[in-house]
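Working notes, structure below.
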Amino acid sequence: MTTLIVRTATRYLMPLLLLFSLFLLWRGHHEPGGGFVGGLVAATAFVLLAIADGTSAARRLLRIAPVRLVPVGLATSLVAGLGAFVLGRPFLTGLWPEAGIALGTPLLFDVGVYLTVVGVVLTILFALMEEGS
Amino acid sequence: MSLAVALAVGVVFAVSLRLLLQGTLWHLLLGLALLSHGTHLLLFAAGGLVAGGPPLALEGALAPAAGAADPLPQALVLTAIVIAFAVLAFALVLGLGAGRDAKTDDIDAYGGDRG
Amino acid sequence: MGWIVLLVLATGLVAPLAIRRLGERAAPALAVVPAGVAAWAAAGQAAIARGEIPAWRTPWIPSLDVAWAFRVDGLANLLVLLVAGIGALVVLYAAAYLRGHAQLGRFFAFLFVFMAGMLGIAAADDVLLLFVFWELTTVSSFLLIGFDAHRQASRDAARQSLIVTVAGGLALLVGLLLLVDAAGTSSLSEILRSDVVRSHPHYPFILAGIAVGAFTKSAQWPFHFWLPGAMQAPTPVSAYLHSSTMVKAGVFLLARLSPVLGGTDAWQVTLVGVGGITMLLGAVMALGQDDLKRLLAGSTISVLGLLTMLLGLGTPIAARAFAVTLLAHALYKGTLFLVAGNVDKATGTRSLERLGGLRGAMPWTAGAAAVAALSMAGGPPLFGFLAKETAYEAALEAPHASWLVGTATVLTGVCLVFAALRVGLQPFYGAARPTERTPRDPAPAMRLGPVVLAGAGVLTGLLVGPAERLLVAPAASAILQQEAPTGLALWHGFTPILALSALTLALGAGLFRARDALLSRAPALAPLARMGPARAYTAGLDGLLRFAAWQTRTLQNGSLRRYLAITLGAALVTVLAALGRTPLDRAWNALALPSEGPALVGLALAATLLVVGGALLAARAATRLVAVASLGAVGFGVALFFLVYSAPDLALTQLVIEVLTVVLLLLVLPHLPRAKDGAPRSPGAARTGLALLGGLTMAALALVASAPPLAEPISDYFSAQSVPAAHGRNVVNVILVDFRALDTLGEITVLGVAALGILALLATHRRGEPAP
């Protein structure tokens, strides 16, 4: 599968896809998008890189083992929910520093979803890719 | 156009059930993948089919336009899609091991102590 | 009080660590906790006797009105005192008895959990809270009976007691819930004040449920058979749970609730009848026993029956007799069980036939045994004497059929004298018998328990005035909810009761003298013991196992295809059943919805074509690669549907997932086993029919479900609040990360678990182990 075309295309596509995934995550609260789609797109970017240059290259770029991303993401979402709990409100109640600003705890929660999804998808696919080789 | 969706759901379920019951590993996995498609469509249809009214509020509006689609089934299906992917991957890996051990794709030869 | 319960529970958690660090030397430190609780209860006794009842209340489940509430009145405090006081002695005793046992830490963990449950039962002021503690004692009793888990007999006995008491617990729960419903509150003190329960239409069910729960716990006929089996537990457990505390929980609950449930004909007939039968049955069971512990178990059943009967009588003197008997029995029976443990340890046997003349070798144990046996026989000046006298008095003044109740009670008394003499005297007097070991008194910790408990029996008998004022009267008053009669004394002058007491002792002693002739006939009674409810239990269990074996053979024959067919068939039946109850016009409503305009109709038709064509192609594909591609087509078709019907988020997600799914399938494909040679297997006509039926059913379901909703959907709230409350214009996303964020948290956790599972599976494959 690793033709020259794929490699070249990946070099340009990969950063675009990553940017697009962050964009989806950011705008998800108002327009179609969000942590799930964003995470899936980011994972696709890394999968593309792994297909073109091998999983070791993709793992190098990711820096952190994908399976580690799972607890990191879960913890992020948990922390986003705990904020309200500490303040005596029900667990996972959304908190905003100022009404109308997007940087509330729901966004943090969505970041956690994003990280978990990236971690899960890459854990599965990288492991299977390495199983084949 | 409920009929079109119902038709799609029915065909997908019928095909996937037949694949599941065929008794070979590959068809089982294929049937599982199809089954989740059918389930998602069914769940989605249960929210009522509304064309051209996504559950989004316009900039400055307080709520989506009247008659917009029901957002709740959409939220349910969204997570279900991602989970179905993970479950399919799990089933694939499980089947991988079972097939490797039994050296056959006949699922009746797997696992059972009588099989 | 709540903190005390938690403290005892925490001690149970700490105990294994302490035992691991220090061995059995940690026991005195552990015993400090129950000893402290006992001291606390004793210190509070005087105030409670004056009518100053301490109570605590913290909301626990406010939505159900369940509170973490405790209230210690005279009855509760009596039980707290017994549980904690005997508990402290048993902890010390058990550490010596089980010295060097590898699982000593676990033993203490169970024991303290049990103790916490018992204290909770005693003091809980909320019937649902009480139920939680009740089940805690059931579970810990199961673990303690089965403590020697390597022995089949232990496991069987533990399971038997669990099945019986859990079944009773379920009945109790039903009874308590109906009681809460009838009284309108789960607060025990408020229930006790209400007067609506007896006339409530559910009263018979309330009484039945609570009585069954109490009868199973307190080993009343016909549920008594688990108690002799429970003697498989280590002796300290028998002494603690199965004589002095847990088995009292049932009669305690009946006593607790007698102000609201008692006094009716149903109550009297049930409790006096069952209690009387149990009393006689237990006495007969104790007669012919050769095993020390089983003999004691029989006599315990008998006394528990007496206690139930006294509650059934419901007169003030019966309430007093109940309190006296409860206390006296806990003291002498606890002693005698510990004595049995000492004898067992010293000689290696519990068989009365092989025991004798131990007095010289075991003076401490023999002394405690003699005192306790005298108390059990009802001899003055011990507290047991008062128990017997008050019980006779209550029985003779029974509201109905006093001659029958009285005769049964006196007969039981004679049997118990006989049993007491056998267990308290026979091992220690007469000619010494050869035993495996050289008998001698055990370690001080094992002497302490019997001596202190026997001594308490003497003290309460001699100081009958203070004992009555502080312990008996407050408990009896709590049962009666009014001032209890007083005037206990060792000497009342020459009364008919005294004559009966003397007659009982004389008859019992006479039987004891003639024991050899009597016991040679004992085997004649054996068939009696094998019949009855124990037999029904065994037959029921065997039947269940046979049924399980049959249905396993039939349904789970190892063919995965058959499992699938059964599962899918069952799922279809449930869906069809639901569909069958749906009015047909809903389907027409769905079809009659306005059309969407030609452009969208075209897109929807394209989506249908993709999905239907892809699915059919995937099933018929010649190669697996084609099948994967067809599956992709189905996915894109589904995404197109999402797009047409106003779900851009779903369409986006579906598209990306479709790409990843294709990658996934292509990765796994080369490793899957090849198809077998020859023609592809066909699912057969029946299975194809099932699949077609499934497709039709689901299509109908989709049609019916997409009709306009019957009720106002909850999502209207989400749509309305999304912008004002959650500052998000994409309602789907707001639901995911805010309104229903807890669901999402659960779902991403599932994702994580799936990923970890896959890693673990792959690692297993690599190690060459068979797939699980």
Original post:
Does the range C:632-647 hold any residues that are touching a helix residue (DSSP H, G or I) at 6+ places or on another chain (Cβ under 6 Å) and open to solvent by less than 10 Å² (accessible area, probe 1.4 Å), and which are they?
Top reply: C:G632, C:V634, C:G635, C:G637, C:V638, C:A639, C:F641, C:F642, C:V644, C:A647
Original post:
Filtering the range C:105-141 down to residues that are open to solvent by less than 20 Å² (accessible area, probe 1.4 Å) and acidic (D, E), which residue is nearest to C:V174 (Cα to Cα)?
Top reply: C:D126
Subject >> Which numbered condition B:L72 misses (of (1) more than 7 Å from chain C (Cβ to nearest Cβ); (2) without any contact (Cβ under 8 Å) to a residue 40 or more places away in the chain; (3) within 30 Å of C:V704 (Cα to Cα); (4) among the aliphatic types (A, V, I, L, M)) >> reply: (1)
Original post:
So which of B:V82, B:V87 ends up being closer than 27 Å to A:E131 by Cα, facing chain C (nearest Cβ under 7 Å), open to solvent by 40 Å² or more (accessible area, probe 1.4 Å) and part of a helix (DSSP H, G or I)?
Top reply: B:V87
Subject >> Residue that is farthest from the other protein chains (Cβ to nearest Cβ), among those in the range B:90-115 that are within 19 Å of the chain's Cα centre (by Cα) and open to solvent by less than 60 Å² (accessible area, probe 1.4 Å) >> reply: B:A91
Original post:
How many residues does the range C:717-772 contain that are under 43 Å from the mean Cα position of the chain (by Cα) and among the β-branched types (V, I, T)?
Top reply: 9
Subject >> For C:L144: the one exception among (1) open to solvent by 10 Å² or more (accessible area, probe 1.4 Å); (2) touching a Pro at 6+ places or on another chain (Cβ under 9 Å); (3) in a helix (DSSP H, G or I) >> reply: (1)
Original post:
Within the range A:1-108, which helices (runs of 4 or more DSSP H) (wholly inside it) include 3 or more residues that are within 23 Å of A:E130 (Cα to Cα) and open to solvent by less than 30 Å² (accessible area, probe 1.4 Å)?
Top reply: A:35-53, A:55-62, A:66-86
Subject >> Residue that is least open to solvent (accessible area, probe 1.4 Å), among those in the range C:18-66 that are at pLDDT below 90 and touching a Ser or Thr at 6+ places or on another chain (Cβ under 8 Å) >> reply: C:V66
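Just to confirm my filter: which helices (runs of 4 or more DSSP H) fall fully inside the range C:380-486 and include at least 2 residues that are touching a residue at least 60 places away in the same chain (Cβ under 8 Å), of a type in the set (F, W, Y) and open to solvent by less than 30 Å² (accessible area, probe 1.4 Å)? Break it down stepwise before answering.
Values: elements: C:383-396, C:402-424, C:444-462, C:464-467, C:473-480.
Result: C:383-396.
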Original post:
Quick one: how many residues across the range C:328-379 are within 16 Å of C:A419 (Cβ to Cβ), assigned to a loop (DSSP other than H, G, I, E, B) and in contact with a Ser or Thr (Cβ under 7 Å, 6 or more places away or on another chain)?
Top reply: 2
Original post:
Applying the selection to the range B:1-24, what residues are touching a residue at least 40 places away in the same chain (Cβ under 8 Å) and part of a helix (DSSP H, G or I)?
Top reply: B:S2, B:V5
Original post:
Can you spot a residue in the range C:518-534 that is at pLDDT below 85 and under 23 Å from the mean Cα position of the chain (by Cα)?
Top reply: yes
**OP:** May I ask you to list the residues in the range C:648-668 that are open to solvent by 10 Å² or more (accessible area, probe 1.4 Å), within 17 Å of A:E31 (Cα to Cα) and facing chain B (nearest Cβ under 7 Å)?
**Re:** C:P648
**OP:** Could you grab me the full set of residues in the range C:550-591 that are open to solvent by 70 Å² or more (accessible area, probe 1.4 Å), within 13 Å of chain B (Cβ to nearest Cβ), farther than 26 Å from C:L703 by Cα and among the hydrophobic types (A, V, I, L, M, F, W, C)?
**Re:** C:L555
Subject >> Hey, C:V628 more than 10 Å from every other protein chain (Cβ to nearest Cβ), farther than 30 Å from B:G52 by Cα, part of a helix (DSSP H, G or I) and not small (G, A, S) or not >> reply: no
Original post:
What helices (runs of 4 or more DSSP H) lie completely within the range C:189-308 and have 1 or more residues being closer than 28 Å to C:A419 by Cβ and more than 23 Å from the chain's Cα centre (by Cα)?
Top reply: C:265-287
Subject >> Meets criteria (in contact (Cβ under 8 Å) with a residue 40 or more places away in the chain and over 14 Å from B:A8 (Cβ atoms)) for C:V662 >> reply: no
Original post:
When you look at B:A66, is it within 7 Å of chain C (Cβ to nearest Cβ), more than 12 Å from the chain's Cα centre (by Cα), assigned to a loop (DSSP other than H, G, I, E, B) and on the phi < 0 side of the Ramachandran plot, yes or no?
Top reply: no
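Residue by residue, here is whether (1) more than 7 Å from chain B (Cβ to nearest Cβ); (2) surrounded by 22 or more Cβ atoms within 10 Å (Cβ to Cβ) holds:
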residue: C:P713; (1), (2): no, no
residue: C:D716; (1), (2): yes, no
residue: C:S719; (1), (2): no, yes
residue: C:G728; (1), (2): yes, yes
residue: C:I735; (1), (2): no, yes
residue: C:L751; (1), (2): no, yes
**OP:** Considering each of A:A42, A:A65 in turn, give the residue that is modelled with pLDDT of 95 or more and within 11 Å of chain C (Cβ to nearest Cβ).
**Re:** A:A42
Subject >> Output for the range B:25-51, where each listed residue is outside any helix (DSSP H, G or I), in contact with a Gly (Cβ under 8 Å, 6 or more places away or on another chain) and not β-branched (V, I, T) >> reply: B:A51
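The values are calculated or read from the model by the stated rules, or taken from the named source; none is laboratory data. The model shown is predicted, which means the values in this text are computed figures rather than measured ones. Virtual Cβ from ideal backbone geometry, glycine too; neighbours counted across all protein chains shown. Please note that ligands, DNA and RNA were not included when accessible areas were found on the heavy atoms of the full protein model with its side chains. Shrake-Rupley method; radii C 1.70, N 1.55, O 1.52, S 1.80 Å.
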